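Student: Mind having a look at this structure? Questions to follow.
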Amino acid sequence: MEATAATPAKPEVFSRKSSGLVRVMSPWSAFMYNFLTMGVIFPWTYMWAPQAFPGCSVWMACLFATLLALPIALTYVWMATAMPRSGGDYVFQSRVFGGGVGFPVVASGFLTWFLQWTALATWLMCCAGIAPVLMGLGVYYESRGLIDAAVWVQSPFGIVTLGAVALIVFGLLLISGLKNYVYVQYVMFWSTIIMLIIVVVQFLRTTPEEFAAAINHYAGFVDDNPDYFAWIQKDVADAGFDINPAFALGATLLAAPIAWTSTQWAAFSVQQGGEIKGARVFKNQMLMIVGSLLAVGACLAIVGWTYERAVGTAFFNAVSASYYGGYTASGSGVGSILPFPGVFAIVISPHPIITVLVGLAFFLGATQVVCNAYIGSSRLIVGMSLDRALPAFLARVSPKYRTPAVAIVVYGVLSFFVSIGYNYSSVWYTLTLGVTFAAGYVFVVSVLSGALLPFRARDLYLASPGAKYTVFGVPLVTVVGLVGFCLAVAAEIAFLADPGYGLRGTTPYIVVAGVFVFWLVFYWVTRSYNKSRGIEMSYAFREIPPE
């Protein structure tokens, strides 16, 4: 008894002895989760890249973006097996570099900017999911009422209203248990696969001449513009944009970081690492992270190639320049028909079955982004709360449903207000152009933490299944991680250096920097407060959080 009394007590470093979360997601479910999170339905690359870097090959840029993301994804495999806990990137960075780095980087780059991604998701749900269904059915049945309904859905009021409904419904779904989301995710995944097949088949069976006839008929009914195909090309060309540039490899490489805004999310399942079965098994993480990356990269490239082939390169470039670049001599822009691959698949053949299947898949894909923003943010809050970097009440886990209900509710409310700003304020867009750069710097720091894992958190590394992989005695994760770090840094420099990526003026930089500084100050204030209570937060960063 005397020996026991003489043994110094281990300091209580975590806010509680268990996260309260349970492992309910299988590796296959996590694969589907990452696949959907990368947003194979997103139209950004096809709309953004052609006008930003004339002469680029979008489908080749998608393949380059996959190669860019590959060493980053591989590095995440090592980290995910070494630290299979909820809070993913925050846990990785704080265990290698300490909370003073990990907390402000992840809280600013992810926790804050996920609110913007939620607003984007509700916009996408309406504009790429619901509106095309109503518009396609309106054209098929020659119903002006359905066309008007589609236009309303795409309006700021329609997006905010329907987005609020989605935030409530899917927030309640996730509060009821992650396993319930997993069931719904199967529907989301397979509907996306069906949609991809329909879109690719539609594009493969269509020539530019056939598409011209289809879009002219469609636009003639929707916007009273029966010569839309030729008109949009002339409208953009008259505004000074070259719609037939020669192929340029340099422009294609510059477009790769744009496609990376999708492929970079291949490892997003690490945020709920404490809820995935077999998360410590190396081959499982390879399936979840690397497998999903390769699958999405191939899908993005196939859609991009078939899309441009079907509509013609000149039209492909024109709608990109008009919609995303603002090139329009008439001032009319693209009109009511948004130039997304799914929308054009419906335009080619607006049969009710095709229209509903494609629209439903885009709707479910967009709502999955709402779900992954909820899941990722709430699990980051759990990880940060266990380390006492955030108040414990935010990460309170329901003993009945085993979900962080408080974090989900708080995040839903904040997302609603961001959605209002995003859809109603023209200034908001200029304030949030740094969203892609901010998310990117999280990956930069995380992949560097993976490269240094064997040296700065050696015990965690040696206990992991990936420790056996070396190259000439050097840990393979260090080699792969350094390659991934260099590529991620190059992509981030591109975002800063070239205005084609959207970061124009000083405002976006000020906002990104301001958000980071806020969380940095917040961390040190919290650390000082805990220290005044006799709690040293640095002890927590020496071990992984409890399950």
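Student: Taking each pair of different alpha-carbon atoms in the stretch 155-256 once, compute 1/r for the pair, average those values, and report the inverse of that mean as the Kirkwood hydrodynamic radius in Å to one decimal.
Tutor: Working: mean 1/r = 0.0540 Å⁻¹.
Across the stretch 155-256, the inverse of the average 1/r is 18.5 Å.
Student: Same structure again: Mind listing the phi-derived Karplus ³J(HN,Hα) values for the stretch 523-533, rounded to whole Hz, using 6.51, -1.76 and 1.60 with θ = phi - 60°, and x for any glycine or proline?
Tutor: Using θ = phi - 60°, the values come out as 4, 6, 5, 5, 5, 5, 4, 5, 5, 5, 9 Hz.
Student: How do the peptides 476-485, 359-368 rank, highest first, by the average count of neighbouring beta carbon atoms within 10 Å per residue?
Tutor: By packing density, highest mean first, the sequence is 359-368, 476-485.
Student: Here's something else I'd like to know. So who's got an amide H within less than 5 Å of the one on residue 272, skipping anything under 5 residues away but keeping other chains? H placed 1.01 Å off N, in plane.
Tutor: 87
Student: Which of 152, 172, 202 sits closest to the plus end of the dipole of the stretch 148-227, meaning its Cα is farthest towards the positive end, when Lys and Arg get +1 and Asp and Glu get -1 on the C-beta?
Tutor: 172
Student: Assuming 0.36 nm per residue, please report the length gained on full extension of the stretch residue 410 to residue 281 beyond their Cα-Cα distance. Display every interim value, and only then the final one.
Tutor: Values: separation 129, 0.36 × 129 = 46.44 nm, distance 3.35 nm.
Between residue 410 and residue 281, full extension yields an extra 43.1 nm.
Student: Below 8 Å, C-alpha to C-alpha, sequence gap of six or more: please give me the relative contact order for the stretch 300-404 in percent.
Tutor: Details: 45 pairs, mean separation 12.8, N = 105.
Relative contact order comes out at 12 percent.
Student: Okay, moving on. Taking Cα atoms, how many degrees apart are the long axis of helix 58-82 and the longest axis of the chain, rounded to 10 and kept between 0 and 90?
Tutor: Taking the Cα atoms of the chain, the angle to 58-82 is about 20 degrees.
Student: For residue 179, give me every one of the lysines with a C-alpha distance below 20 angstrom, ignoring sequence neighbours fewer than eight places off in its own chain.
Tutor: Straight-distance partners of residue 179: 277, 400.
Student: If you don't mind, there's one more thing I want to ask. Based on Cα positions only, what radius of gyration and what Dmax would you give for the stretch 36-146, in angstroms?
Tutor: 19.8, 62
Student: I need the trypsin sites (Lys or Arg not before Pro) found in the stretch 448-509, filtered to DSSP loop residues with at most 14 other beta carbons within 10 Å of theirs. Before the final figure, lay out the partial values.
Tutor: Working: sites: 456, 458, 468, 504; in loops: 504.
Sites meeting the loop and neighbour criteria: 504.
Student: Let me ask something else about it. Treating the angle as unsigned and between 0 and 90°, give the value, to the nearest 10°, between the Cα long axis of helix 114-124 and the longest Cα principal axis of the chain.
Tutor: Its long axis makes an angle of about 30 degrees.
Student: Something else now. Compute the distance from the alpha-carbon center of the stretch 115-178 to that of the stretch 415-476, in whole Å.
Tutor: 30 Å
Student: May I pose another question? Would you work out the relative contact order for the chain, in percent, from Cα pairs under 8 angstrom that are 6 or more residues apart? Walk me through the intermediate numbers first.
Tutor: Values: 963 pairs, mean separation 188.9, N = 547.
In percent, rounded to a whole number, it is 35.
Student: Solvent-accessible area per residue for the chain at a 1.4 Å probe radius, Å²?
Tutor: On the way: 20110 Å² over 547 residues.
Counting only protein heavy atoms, the per-residue value for the chain is 37 Å².
Student: Straight-line reach from residue 234: which aspartates and glutamates fall under 13 Å, measuring Cα to Cα and dropping same-chain residues less than 8 apart?
Tutor: Output for residue 234: 242.
Student: OK, next. For the stretch 285-299, what does the Karplus curve 6.51 cos²θ - 1.76 cosθ + 1.60, with θ = phi - 60°, yield as ³J(HN,Hα) per residue in whole Hz, taken in order and with x for Gly and Pro?
Tutor: 5, 4, 5, 4, 9, 5, x, 5, 4, 5, 5, 5, x, 5, 5
Student: Moving on to the next point. Please name whichever of 510, 295, 471 sits farthest to the positive end of the charge dipole of the chain, dipole taken about the Cα centre and charges placed at Cβ: Lys and Arg +1, Asp and Glu -1.
Tutor: Looking along the dipole axis, the top candidate is 471.
Student: What percent of all Cα-Cα pairs in the chain falls into each 10 Å bin, going from 0 up to the bin containing the maximum distance?
Tutor: 4, 18, 29, 26, 14, 6, 2, 1, 0, 0
The values are calculated or read from the model by the stated rules, or taken from the named source; none is laboratory data. Every value quoted in this text rests on a predicted model; they were computed, and no experiment measured them. FYI the Cβ positions are ideal-geometry reconstructions off the backbone, even for glycines, and counts take in every protein chain you see. These accessible areas exclude ligands, DNA and RNA; they are computed on the full protein's heavy atoms, side chains included. Shrake-Rupley method; radii C 1.70, N 1.55, O 1.52, S 1.80 Å.
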